[in-house]
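Encoded as structure tokens, the structure appears first; notes follow it.
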Amino acid sequence: MHKITLIVLSAGDSSRFQTKKIPKKQWLRIGELPLWLKVAQEISSYYPFNKVLISAKECEKKYMQRYLDSFGLDFLLTTGGETRQESLKNALSQVDEEFVLVSDVARCSIPRSIFDTILLEANNYDCVVPYIPINDTIAYDKDGLEYLQREQIKIIQTPQLSKTKILKNALGNHTYTDESSAIYANGGKVGFVLGSLQSRKLTSLEDLSSLSLPPPDKKTLIGCGSDIHALKKGEGILLGGVFIPCEFKLIAHSDGDVCLHALSDAILGGIGAGDIGEWFPDNDETYKNADSAKLLEQITNFTLNVGYTIQQVDITIFAQKPKISPYKQAIEKNIAKLLGIPLFCVNVKATTTEKLGFIGRQEGILVHSNVVLTYFQWHNKTNEEQQ
């Protein structure tokens with residue numbers, strides 16, 4: 001039996017797939033599983049790999065680890081780079097086995113038979129590659145039209161099985177789009193096995209309709225967040241990104257927007273990603289007087305990137321003073337804009353405590369926030385495209 005490490009490359013930006021409200025492809029949900037985990041689990045079931053490595057964006061590693069821990073998986077996360085090749089090099093630094101199988105998360109429906117066929121050729125080549133043939137007429141137009149022999153053209157797929165030492169040496173300082181091209185360019189021997197149309201690459205949202213993947217779970221997720229800030233004499237406060245002139249100022253490390261802080265915590269709670277203090281520690285001078293709207297933007301972008309849709313926001317502001325009601329609509333409009341959701345999906349309530357407690361004594365402001373989220377329903381989006 002060969003000693004093989006599996007590498008699943010999942011650190012890309014999905015620039016050709018993603019739009020403002022569409023997640024990165026590796027975070028599309030298959031049921032409740034993100035696509036990267038579905039792919040890693042599926043391929044890892046094909047063989048007793050010595051190690052399974054998954055490349056990840058640095059900012060996503062901690063969140064990905066929560067999924068691995070939830071399922072008791074000992075897959076290892078490696079830090080991705082700016083390019084596919086950098087991500088691969090980072091992962092290869094942890095590989096000592098004789099062989100390495102590399103696949104892209106975009107190849108999300110690889111039949112086991114493809115891997116079995118690749119494995120049969122492991123000793124015969126430096127790199128074994130699945131391919132599919134071309135059935136259409138192919139013309140090359142550069143300084144004159146030339147028709148190519150389609151029998152000699154191959155569409156290259158992953159996974160690709162390489163001899164580890166040879167692949168490490170081949171990558172060098174040049175840029176290659178896959179393992180086989182790197183090994184071939186450096187004098188290695190590349191072997192081809194017939195791939196599968198089922199292994200087609202997920203490049204655009206429309207591709208999902210032909211991949212026969214189970215749809216995302218339709219469960220509703222609820223997030224709750226609360227925050228308190230003390231008041232002192234000043235010239236005004238920020239609530240929900242709206243400046244309210246008054247005789248107070250909120251005491252805080254950042255700009256003190258207690259409303260956006262509570263909202264940020266609610267979103268993080270809904271997706272299980274910690275709290276605002278973990279993301280932006282108050283002992284870090286980077287966030288001294290930070291714009292809370294910018295902090296919320298980072299959290300919102302992360303939330304959308306990893307596969308969620310924010311559906312509804314409900315906020316309650318507890319303040320004896322200043323009077324909040326004249327500013328509620330402005331706060332709602334600003335929050336809707338910050339989150340990129342319709343205004344009717346944002347509700348802001350304000351109340352006093354009838355002069356009871358620290359709020360009633362005008363010593364501070366408390367905000368509660370509730371957020372409703374769902375997994376991004378890509379299945380509905382692909383159906384819309386077809387209609």
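The values are calculated or read from the model by the stated rules, or taken from the named source; none is laboratory data. Note that the structure is predicted; figures quoted are calculated from it, not measured. All Cβ positions, even for glycine, are placed from backbone atoms using ideal geometry, and neighbour counts span all protein chains on display. Protein only, heavy atoms only, side chains kept; ligands, DNA and RNA dropped before computing areas. Shrake-Rupley method; radii C 1.70, N 1.55, O 1.52, S 1.80 Å.
Quick notes on this structure:
- Residues within segment 144-191 that are over 29 Å from the mean Cα position of the chain (by Cα) and on the phi < 0 side of the Ramachandran plot, tallied: 23
- Considering only residues in segment 309-348 that are assigned to a helix (DSSP H, G or I) and aliphatic (A, V, I, L, M), the one that is farthest from Gly269 (Cα to Cα) turns out to be Ala330.
- One residue from Glu42, Glu82 being without any contact (Cβ under 8 Å) to a residue 24 or more places away in the chain, of a type in the set (D, E, K, R) and either within 24 Å of Thr303 (Cβ to Cβ) or not in a strand (DSSP E or B) (or both): Glu82
- Residues in segment 115-146 that are farther than 20 Å from Val193 by Cβ, in contact with a Leu (Cβ under 7 Å, 6 or more places away or on another chain) and open to solvent by less than 70 Å² (accessible area, probe 1.4 Å): Ile138, Ala139.
- Extreme residue, surrounded by the fewest Cβ atoms within 10 Å (Cβ to Cβ), among residues of segment 363-378 that are of a type in the set (Val, Ile, Thr) and over 17 Å from Leu250 (Cβ atoms): Val372
- Test result for Met64, surrounded by fewer than 24 Cβ atoms within 10 Å (Cβ to Cβ), of a type in the set (A, V, I, L, M) and part of a helix (DSSP H, G or I): yes
- Per the listing Leu194, Leu238, the residue uniquely within 30 Å of Ile315 (Cβ to Cβ) and more than 28 Å from the chain's Cα centre (by Cα) is Leu238.
- Count of residues meeting criterion [open to solvent by 40 Å² or more (accessible area, probe 1.4 Å), under 15 Å from Leu231 (Cβ atoms) and either under 28 Å from the mean Cα position of the chain (by Cα) or modelled with pLDDT of 95 or more (or both)] in segment 316-343: 1
- Residues satisfying the stated conditions in segment 344-362, i.e. of a type outside the set (Val, Ile, Thr) and either surrounded by 13 or more Cβ atoms within 10 Å (Cβ to Cβ) or outside the structural domain of Leu238 (by the TED database) (or both): Cys345, Asn347, Lys349, Ala350, Gly357, Phe358, Gly360, Gln362
- Among the residues of segment 95-114, those that are buried (at least 17 other Cβ atoms within 10 Å of the Cβ) and either in a loop (DSSP other than H, G, I, E, B) or out of contact with any helix residue (DSSP H, G or I) (no Cβ under 7 Å at 6 or more places or on another chain) (or both) comprise Val95, Leu101, Asp104, Val105, Ala106, Arg107, Cys108, Ser109, Ile110.
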